[in-house]
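The values are calculated or read from the model by the stated rules, or taken from the named source; none is laboratory data. Because the structure is predicted, anything quoted here is derived from the model rather than measured. Every residue, glycine among them, receives a Cβ derived from its backbone with ideal geometry; neighbour counts consider all protein chains shown. Each accessible area value is taken on the protein alone, full model and side chains, heavy atoms only, with ligands, DNA and RNA left out. Shrake-Rupley method; radii C 1.70, N 1.55, O 1.52, S 1.80 Å.
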Amino acid sequence: MKSVTVKVPATTANLGAGFDTLALALDLYDYVTIELNTKTHIEIENEGENSLPLDEKNIVYIAAKAVFDMAKVEMDGLKIKLVNNIPLARGLGSSASARVGGAIGANCLLGNRFSNDEIMSLTAGLEGHPDNVTPALFGGFTISYIDKGELKYFKISPSVEFKIVVIIPQFEVSTSKAREILPSKISREEAVFNIGRACLLVSSILTGQLEYISVGMQDMLHQPYRKKLVPGMDDVFKAAMKNGARGVALSGAGPSIVAFATEGFEEIGKSMQQAFLKYNIKSRFLVTEINSKGIEIID
Ligand code: HSE
């Protein structure tokens, strides 16, 4: 039986000012192996091996099935093996990567009937917001937007090298809860504040003028509200900046935090760890590169 393995990167969304719009693919991966089977059978290694559903409620299966439905092809079941390295419910896009992996795997089994843009629209619909799905598929730094009801994206390859120090606290934050606490309306001042910052962030990534990143990552739309879900967030931000980070932001809906840096990565990571410890929160950190390729079919 034909099987396919898809390598899907983790992502960090929002990047401060770019709520639901800006995101970046990271050098950290989940692997989804999928094949047609007489019934559905799911195996999971690493993250979520004791907590994620092993039946048709699994979101990898749901995304794969949605592709079969879109193609109007019936199937009895899928054999799915997941090797998950992206921590769950930590703001690193694990659900988007899972959906993208399932959908791309199913599309391969169907002889690539759909374009990656069609898979992007399908998986963003399942996810409820597009920002993580886009870089998981296409890599790099992406701007996702909806034009006349159609999801589109613009991909930027940063013109200078920098790394991302990701601090991952031990506790989880549910994205739905982190979205519920956000106000549904904002003032004109807040909108203007974020528009300016988001433009500045994109310009600094495009031109390599990294001195604008820290201001470009300031935000009034989500971070101030999500602070209460991430004890110590302000102190972790301060520690990263004091130790040489060029900018720092809550990763997606949190609780992970990303610091952009060109040097001193270990010191920045350790300082953020110490800052969390003051709040009795254990954490680990990773120093990652930007993934520029997005998904890869490796088998
Ligand atoms: N843009 C989304 C949010 C990302 O902030 O809610 C969730 O991972």
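Taking into account only those residues within region 80-109 that are in contact with a helix residue (DSSP H, G or I) (Cβ under 7 Å, 6 or more places away or on another chain) and open to solvent by 20 Å² or more (accessible area, probe 1.4 Å), which is nearest to the ligand (Cβ to nearest atom)? That would be S95.
Just one residue in the set E189, E263, E172 is surrounded by fewer than 20 Cβ atoms within 10 Å (Cβ to Cβ) and within 14 Å of the ligand (Cβ to nearest atom); that residue is E172. Of all residues in region 1-13, those satisfying the criterion of being away from the ligand (no atom under 16 Å from the Cβ) and more than 13 Å from L137 (Cβ to Cβ) are M1, K2, S3, V4, T5. Among the conditions (1) open to solvent by less than 60 Å² (accessible area, probe 1.4 Å); (2) within 17 Å of V248 (Cβ to Cβ), K227 misses just one, which is (1). Taking the criterion of being free of Cβ contacts under 8 Å to residues at least 40 places away in the same chain, within 16 Å of the ligand (Cβ to nearest atom) and not in a loop (DSSP other than H, G, I, E, B), the residues of region 212-247 that qualify are P224, K227, M233.
Of these, G149, G140, G77, G128, which one is of a type outside the set (D, E), away from the ligand (no atom under 16 Å from the Cβ) and open to solvent by 20 Å² or more (accessible area, probe 1.4 Å)? Walk me through how you get there before you give the answer.
Numbers: G140 fails: open to solvent by 20 Å² or more (accessible area, probe 1.4 Å); G77 fails: open to solvent by 20 Å² or more (accessible area, probe 1.4 Å); G128 fails: away from the ligand (no atom under 16 Å from the Cβ).
Only one candidate qualifies: G149.
Against the conditions (1) at pLDDT 95 or above; (2) in contact with a strand residue (DSSP E or B) (Cβ under 7 Å, 6 or more places away or on another chain), I298 satisfies every one except (1). Could you tell me whether region 14-29 includes any residue that is more than 28 Å from V165 (Cα to Cα), away from the ligand (no atom under 16 Å from the Cβ) and either surrounded by fewer than 19 Cβ atoms within 10 Å (Cβ to Cβ) or at pLDDT below 95 (or both)? For region 14-29, residues more than 28 Å from V165 (Cα to Cα), away from the ligand (no atom under 16 Å from the Cβ) and either surrounded by fewer than 19 Cβ atoms within 10 Å (Cβ to Cβ) or at pLDDT below 95 (or both): absent. If the condition is being closer than 13 Å to N243 by Cβ and either open to solvent by less than 50 Å² (accessible area, probe 1.4 Å) or not charged (D, E, K, R) (or both), then region 266-286 contributes I268, G269, S271, M272, Q273, Q274, A275, F285.
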